[in-house]
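Below is one structure, written out as structure tokens, with a few remarks after it.
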Amino acid sequence: MAKDSASKISTATVPKSKKPMLIAPSILSADFANLEKEIKAIAAAGADWVHVDVMDGHFVPNLTIGIPVVASLKKVSSLPLDVHLMIDNPEKYIEEFIKAGSDYLTIHVESTKDPRGCLQKIRELGARPGITLRPGTQISEIEPLLNLCDLVLIMTVEPGFGGQSFMQGQVAKIDWLVEARAARGLEFLIEVDGGVSDKTLSHLKNADVLVAGSYVFKNDYATAIKTLKS
Ligand code: DX5
Ligand code: ZN
């Protein structure tokens, strides 16, 4: 945590009244042979968004899905698509991911030389810009970008795979963001991704959106989503 940045923010600011928690199941843990069925099932079970993990085998050591799958999901989803790009040089693909139907499009600050330009381009093209960072990256790296974002995603696992253990040390970043947002009069949503479950929920009360892959798809969807909203 960047001590210098954190110290500039007044702790006297009062956070806005809390809205209901939004739940974004990550389809990384869904049955890929039945994605339409899975999307409809999570919508019926009370999900608010669909979280789509895009990995390129370079920025992270895993390969998942790309633009044609996002376009296909858009045709069958009644929920907003929350697309998390874990790819190098996202600027090359932003336009195509938005044309494919991304509602929120989140980039990693480490993945590009021009995160500011990427965020501006996402907004210009009509989607909602999001920024995220690896667990080892200081929050000061995204601090100058907060005013460009509709979403700030805190990774509570190393990006790349579902089913990993929650990194409790990242929770301080969520709390810092809550204060920074209030102090600066910003309105971005704070999302958390990685190891979210009934066991880790108590650390996440300050978040606005919870991504959950294995916890939703390995349990009864409606019960899991209801638990996370509680
Ligand atoms: C990891 C992905 C996550 C992942 C979360 O790189 O960004 O969205 O699907 O999976 P769980 O909820 O199983 O930790
Ligand atoms: Zn994700």
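The numbers here are math on the coordinates, done by the rules we state, and not lab data. All figures in this text were calculated on a predicted structure; none of them were measured in a lab. Virtual Cβ from ideal backbone geometry, glycine too; neighbours counted across all protein chains shown.
A cut-off of 5 Å between modelled amide H atoms, ignoring neighbours fewer than 5 places along the same chain, links Val52 with Asp82, Val83, His84. Near Asp56, once Lys and Arg are set to +1 and Asp and Glu to -1 for all other residues with Cβ below 14 Å from its Cβ, the sum equals -4. One chain, two ends: Lys218 and Asn147. Fully extended at 0.36 nm per residue, the span grows by 21.9 nm beyond their Cα-Cα distance. All other residues whose Cβ lies under 9 angstrom from that of Gly101 are scored, Lys and Arg at +1 and Asp and Glu at -1, for a net of +2. Taking 0.36 nm per residue of separation and subtracting the current Cα-Cα distance, fully stretching the chain between Leu63 and Lys205 would add 48.0 nm. Taken over region 73-141, the ratio of Cα radius of gyration to 2.2 N^0.38 Å equals 1.10.
Counted residue by residue at 0.36 nm each, then reduced by the alpha carbon distance between them, the extension gain from Lys229 to Glu95 reaches 44.9 nm. Is the C-alpha gyration tensor of the chain telling us rounded, prolate or oblate? Criteria: a/c under 1.5 is rounded; beyond that, a/b larger than b/c is prolate, otherwise oblate. Since a/c reaches 1.5 but b/c is at least a/b, the shape of the chain is classed as oblate.
Antiparallel versus total DSSP beta bridges in the chain: what percent is that, nearest 5?
Restricted to the chain, the bridges split so that about 5 percent are antiparallel.
Couplings 3J(HN,Hα) of region 34-48, computed from phi: 9, 5, 4, 4, 5, 4, 5, 5, 6, 5, 5, 7, x, 5, 9 Hz, in residue order, whole Hz [Karplus 6.51 cos²θ - 1.76 cosθ + 1.60, θ = phi - 60°; x for Gly and Pro]. Farthest towards the positive end of the charge dipole of region 114-230, among the residues Ser214, Leu189, Gly117, is the Cα of Ser214, using unit charges on the Cβ of Lys, Arg, Asp and Glu. Given +1 at the Cβ of Lys and Arg, -1 at the Cβ of Asp and Glu and no other charges, the dipole of the chain around its Cα centre is 560 debye to the nearest 20.
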